[in-house]
Amino acid sequence: MSQWNANALESPRAFYLREGSSLADAGEKISRLAADEFRVASAFAFISKTPIVFDATSAVPLLQYAAGKPVVLLVADKGFSIKTDLITQTGLAQLESELVIAKVRNADLLQLLHEDAGACVFEPYGNYHFVTPSLTHTTRFMRIGDLLHDLETLDRLAFWLRPHVGKANAILVDNWSIASLILRALQLERLDLPFDCLPEHPTHNSAGCRTVVERLLSRIPAAGKLVAFVSISGSGKLVQHLKDLLAERTRAGLCFECWSIFGYENKKARELSGCFALVPQRETYTNDDCKLCAQGSVAIPIDPAAYHLKSLHEPVVFLSKPHAEPAKPFIDRYRDTPGLFLVHHDDRNDGRHHAFDLDMVTLISHPEFAERLVSQFKSLEGEVDLVVAPNHEPGKMLAAEAGKAFHCPIIIHDTLERAALSPADAQVIANARKLLIVDDVVNSGSRLKRYIQSLREGQYGPFDAFNYLVAVARPSSPQNLAALSKLLTAGHTWKGAFYSVEQIILPTWSKDQCPWCLEFDFISRIAREFSRPPQWLSQRLAKLRDRNAGIADEPLLLLPGVTSVVMGEESPICPGGVSSMVATFLLASALQSHRYDNDPKKQLHPGFPVGNVMSPENVSNRYTEGLIRAILLRLVRRAEWGQAPGIETRDFLLKELRQANQKTIAGELLFALGRGALPPISTGTFTSAFAEFFEGDLEVVKSGFFKT
Amino acid sequence: MATKLQFRIPEWASVEDVAHWNCEAGDEVEFRVKRESGFNLFTTGAAISALHRVRSKASSITIRSEFSFPANIRTVSVNEWPSLFLTLGGIALLHAANRVIDAAGADLSSVAFDVAWRQLILKAGGIIGDGKSQSLVCREFDSPIPEAVRSSETNKIPSRKEFESVLAKLGGELGAGKKFFGSITEAGVSGFLFEAFRNAIEHAQPDQEGIWGVSIEKLLLQVNDEIVQRKQIPDILRDFVGRRFLKRSGFWICVTVADYGLGIQTTLPPLQDEAEWPRLLRAFERGTSRKPKSGSPNRGQGLPNIIDEARRLNACIFVNSTGLAALYDASVPHSAWSQIPIPSGLRGTSISIFWPVTSESPDQQTLTLGL
């Protein structure tokens, strides 16, 4: 007869019993065990989510197969608990659950890893190593999501989660790759709890993680319990981040519990969270002091959102002169026009926010523009007997010029809806045959669509000619411009064409993507750390806060002691002598053309299926002028820098920052790192890179920079 | 030549008191405060505007307190902090001052606001207060939207629901009950306050840093006689309180949204030959909007809605908008706006709504508020 001794659970062999199994099935499992496996097992444990009826007839052979080693049974019980019993010849003897559960769970999960034959364990051959999402350099990476490939494994893992999900008010998971496991555990327990996963590792996206945590907290009672599951705990940084986040949001009575499915045998990580199973420690180094890197080993970053080797395949592309060509004529004509180029501006007519905007009153008043407008009107002679313009200042200015050119009636109206027009104006439209609509700017053509719809619904026409002339066409891609021309004529009987006095391709970024809105978020985070923000911060914040005025002078973040510069001569992409604002518009246009390059191999497109990211050479060899580098840091988006190339770009620019002629990039590098456009840095790197700019304020700036 | 000016802040400073806070360019201004110093109902907004004016002209602003700050100032808790500096007006004063000297002669210039901001306000997500008043503190330019009303790190304008939940929380801290702002009528009021809050965010003036925000103050009255004696009640409110006190309990709430922006009428496009006062009143007419044409039928509904909600609550509204002040007593039949004379020269907007919180739901008189 088996004798119970807790020490016997040091290396138990665990088995998962399917629904409807009996003790006879359990016996059979031991009998089929290979001799080596039998020998190393100190005990046998059977796990079942449904009750197992004790049957003495089956128990006797089961215990005989066990050959004196203890046999324990773990069964899902009421109240989300797990009942633990020792199987004897005469019945079941209840055991102290906690210890048994911990030991069997550890054995079962390690067994799962063993059965998986290491498919979820990545150990690179050759001179490579990994950088985990917590920025730990290591020789081994485990992706727990790869364990979840069949329902039985899912159920087997979900079994261990039940005591914890059952007592939770909300569940947070560290990444989406193991979401199915937690959702299965909830499904098995018939629980409908608030649930969410972190979008990325908090080291890379603390703001996103904060949003998720806060959203969950808002859905649970004040004294509720939030349970977090982490796929694998290594350095403990993720759990520490979560704890810090919750500490900021301390609510009386809120209970937080964190469990790692797997954990390395790391004392600190184990202190921070409970751990279901421990795997042997691996070789690890910090980001700043990696022996593997020092030996020339290539660091392969693990994607902080998907937790896999997503970034291994990252073809790189180069921003080149042809990308800037389409914008050059516009820039050359108006580069010295004060107040024309605006960033971070709310449109006074429609209230929409524009990352890039042009002051149309300034442009229309420009003599060269006026000349070009007149010549456009000349090309339309005989084609116009009515001019329509939207009801805003630039629209009225254009309409006045058109009136002079065509000597015909003018209607100022935003929609041309029949119900909104005066009877006299409606009659004027009804009498017209050759319509010209003049507008200041066209992006997507929504106003044009509205006009066309109103004219059709109002049953005007038929028109012989329908032309649309805008002061500036600023589509987000050349393809958009073609679509606009098509919109005007496709499906209509009238002859028509789309004319623009000027053209420039620019991103149509709204508030969420506007780099200056992101800058406001970033530097206000730093400023809040000061009781009295220093002047460089408050002056910049004042500008960013005033979206009605927008920014018309310096688009870049300049750190203390750094002054605004103009473009030097002989740049391959940007004309010499232009201001940082004009250079920003030119590069914004060039990058946008790069994003829509007709050749997919040259296209800057980090997404599927192209996958191209910015080559680090763009900033290291091609464009060495500080101003261009600074502007690229502002305009290139997070995914566009890529993972491994992003690290290379970051490290190169951090080194360059030491050069006296590269101080212009300091503010933009700080901002790119702070908003996560470039991969994160450690506090040590921050100090060595930026100490010279902040002097006595360094610690406060650093505290805001690293604030989660 | 620079003049030295001194202003004393009494126990319940009134709009008239703070309207005198003024100086010439380069003057040195000193505020004398005592432990009991504070602001009466409806005065917070005027105080914020007046401080903004002083700050834009004075060469120095000193706070000289007639009491000692806690010795353990760096680790102080809200309970130990002087009550004046737990109010929105008090925080604005502390922010405006570049010198703070206490009764013991200690120079607290570098620590007083630092402690209030970093130790007390930021840690509470932008909220400060005690059992008498609670405030949501906004600071230009780095914290226009305090963390308590934000759902994420960004400076995105909060949703009305997020704003409402903060109002309910602040009211709860004052003892207004768990269901404060839970009724449909009170939700209507919060909708209006949210509109005012949003306007303040959108109309921030980039010319000067400063403090603005939302303040909820409590008035407790035991007996009718107190109405005449209590200096917390401004004179223009005494009739209203007296009339409403007869029927209702003695627990009153005043919610104020106060900024130092341009003022309501100034941001509204004028009609031909329209004077300031009718232009201010027009802002409360349905369909009036200063916002661009967006096609939304909800434009211009924010301010007019308050009249309906105030009538349902039998509340009193006080508006102080760049040189104009107006009172609307919704508890009387045929109520209308009346202009309140105030000293000129104050810029900014404050909108206050004041009403008795009863144990009966404003929606349905038979429901309880869970007080």
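The values are calculated or read from the model by the stated rules, or taken from the named source; none is laboratory data. Worth saying up front: this structure is predicted, and the values here are computed from it rather than measured. Counting neighbours? That spans all protein chains shown, and the Cβs are built from the backbone with ideal geometry, glycine included.
This table checks each residue for (1) among the aliphatic types (A, V, I, L, M); (2) at pLDDT below 85; (3) farther than 30 Å from A:ARG675 by Cβ; (4) surrounded by fewer than 20 Cβ atoms within 10 Å (Cβ to Cβ).
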| residue | (1), (2), (3), (4) |
| --- | --- |
| B:LEU167 | yes, no, yes, no |
| B:LEU174 | yes, no, yes, no |
| B:GLU186 | no, yes, yes, no |
| B:PHE197 | no, no, no, no |
| B:GLN208 | no, yes, no, yes |
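The set of residues in the range A:437-461 that are in contact (Cβ under 8 Å) with a residue 12 or more places away in the chain and small (Gly, Ala, Ser) comprises A:SER444, A:GLY445, A:SER454, A:GLY458, A:GLY461. Only one of the numbered conditions (1) touching a Leu at 6+ places or on another chain (Cβ under 7 Å); (2) within 14 Å of chain B (Cβ to nearest Cβ) is not met by A:GLN240, and that is (2). For the range A:461-484, filtering for residues that are under 40 Å from the mean Cα position of the chain (by Cα) and closer than 22 Å to A:PRO394 by Cβ leaves 12.
The single condition among (1) more than 14 Å from chain B (Cβ to nearest Cβ); (2) at negative phi that A:VAL213 does not meet is (1).
Taken over the range B:132-170, residues that are more than 20 Å from B:LEU94 (Cβ to Cβ), in a loop (DSSP other than H, G, I, E, B) and either touching a residue at least 12 places away in the same chain (Cβ under 8 Å) or at the interface with chain A (Cβ under 9 Å from one of its Cβ atoms) (or both) amount to 10. Restricting A:SER524, A:SER538, A:SER589 to those that are in a helix (DSSP H, G or I), among the small types (Gly, Ala, Ser), surrounded by 23 or more Cβ atoms within 10 Å (Cβ to Cβ) and within 13 Å of chain B (Cβ to nearest Cβ) reduces the list to A:SER524. For the range A:626-655, filtered to residues that are modelled with pLDDT under 95 and outside any helix (DSSP H, G or I), the residue that is surrounded by the fewest Cβ atoms within 10 Å (Cβ to Cβ) is A:ARG637.
Looking across the range A:528-557, the residues that are under 24 Å from B:LYS123 (Cα atoms) and either of a type in the set (Asp, Glu) or in contact (Cβ under 8 Å) with a residue 40 or more places away in the chain (or both) come down to A:ARG528, A:GLU529, A:PHE530, A:PRO534. A:VAL613 meets the conditions (1) more than 13 Å from chain B (Cβ to nearest Cβ); (2) within 20 Å of A:ARG675 (Cα to Cα); (3) modelled with pLDDT of 95 or more in every case but one. The failed one is (3). Which one of these is assigned to a helix (DSSP H, G or I), within 14 Å of chain A (Cβ to nearest Cβ) and under 20 Å from B:THR349 (Cβ atoms): B:ILE211, B:ILE201? It is B:ILE201. When A:TRP516 is tested against (1) touching a residue at least 60 places away in the same chain (Cβ under 8 Å); (2) crowded, with 19+ Cβ neighbours inside 10 Å; (3) out of contact with any His (no Cβ under 9 Å at 6 or more places or on another chain), just one condition goes unmet, and that condition is (3). Considering only residues in the range A:541-584 that are among the small types (Gly, Ala, Ser) and under 27 Å from B:PRO144 (Cβ atoms), the one that is nearest to the other protein chains (Cβ to nearest Cβ) turns out to be A:ALA542. Hey, among A:HIS201, A:HIS164, which residue is closer than 23 Å to A:GLY234 by Cα, more than 14 Å from chain B (Cβ to nearest Cβ) and part of a loop (DSSP other than H, G, I, E, B)? Matching residue, one of A:HIS201, A:HIS164: A:HIS201. For A:THR153, the criteria (1) under 19 Å from A:LYS49 (Cβ atoms); (2) polar (S, T, N, Q); (3) part of a loop (DSSP other than H, G, I, E, B) hold in every case but one, which is (3). One residue stands out among those in the range A:35-55 that are acidic (Asp, Glu) and in a helix (DSSP H, G or I): the one that is nearest to the chain's Cα centre (by Cα), which is A:GLU37. Please go through the range B:3-18 and give me each residue that is in contact with a Gly (Cβ under 8 Å, 6 or more places away or on another chain) and farther than 15 Å from B:ALA92 by Cβ, ordered by number. Hits for the range B:3-18 are B:GLU11, B:TRP12.
Residues satisfying the criterion are absent from the range A:331-342 (criterion: surrounded by 15 or more Cβ atoms within 10 Å (Cβ to Cβ), closer than 30 Å to A:ARG650 by Cα, more than 14 Å from chain B (Cβ to nearest Cβ) and of a type in the set (Ser, Thr, Tyr)).
If you go through the range A:343-365 and keep only what is in a loop (DSSP other than H, G, I, E, B), away from chain B (no Cβ under 14 Å) and crowded, with 16+ Cβ neighbours inside 10 Å, you end up with just A:ASP359. In the range A:182-198, the qualifying residues are those that are outside any loop (DSSP other than H, G, I, E, B) and touching a residue at least 40 places away in the same chain (Cβ under 8 Å), and the one that is nearest to the other protein chains (Cβ to nearest Cβ) is A:ILE182.
Please specify each residue of the range A:286-332 satisfying the condition of being outside any loop (DSSP other than H, G, I, E, B), touching a strand residue (DSSP E or B) at 6+ places or on another chain (Cβ under 9 Å) and modelled with pLDDT of 90 or more. Matches in the range A:286-332: A:VAL316, A:VAL317, A:PRO326, A:ALA327, A:PRO329, A:PHE330.
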